[in-house]
Every structure is written in structure tokens, then in C-alpha cells.
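Throughout, read-outs are computed from the coordinates displayed, never taken from laboratory work. Here the structure is a predicted model, which is why all the values come from computation and not from measurement. Every residue, glycine as well, gets a Cβ built from its backbone with ideal geometry; the counts of neighbours run over all protein chains shown.
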Amino acid sequence: MKELEKVFLIDEFEEGWGMEAIDVCEEQLFDYCTEVLFIPDDKIDELNMIDNELEIVLKDLEEDDINEDWYVNLLKHSKFN
């Protein structure tokens, strides 16, 4: 099985979430990922805000995840894809 992409950088955010604020809390990052990006909470390993970019590190990815809407959208919106 090909290794699935696990680290994503997002630098464009939906309005109204305050993601451009200097001190974004971990709960806000988690809520954004689950409610806007629809990432299942059990797939999120680590979230970091670095220079106005959201770094998302995923875990426990399975081959079937590559066809899931949330994963496909994450690939499309990721800075390096």
C-alpha cells in the first residue's frame, strides 16, 4: 500500500472562525478541523498554528480514507498539493 499523506498545511480559512487571530486555542483548531474540514476526530493526531498556517497531522489512516470526501478535500486545499 502506498503511504498516505499525513501532514497538511492550510493557509486559507472560512470567514467567521477567527483563524487569523494571533492566539488561536487548540480547541478552536480542533473544532475548525472537525466542523469545517469534516476530518473525523479519531484521525487527528496533532494540530499547530504556525505563521498563520494550520498544520494538520493525521494518524491511523487506512487505504479506504483516500476516497473519503474529507480526505480528498484536504488534499485539494492543502498548501503543497
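Structure data summary
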quantity	calculated
3J(HN,Hα) from dihedral phi, the range 43-51, Karplus parametrisation 6.51/-1.76/1.60, rounded to Hz, x for glycine, proline	9, 8, 9, 8, 10, 9, 10, 10, 6
10 Å Cβ shell holding at most 10 others, DSSP loop, trypsin sites (Lys or Arg not before Pro): longest site-free stretch of the chain	3-58
GluC sites (Glu not before Pro) lying in DSSP loop within the range 27-81, provided at most 11 other Cβ fall within 10 Å	E62
Unit charges on C-beta of K, R, D, E only; dipole of the chain, Debye	300 debye
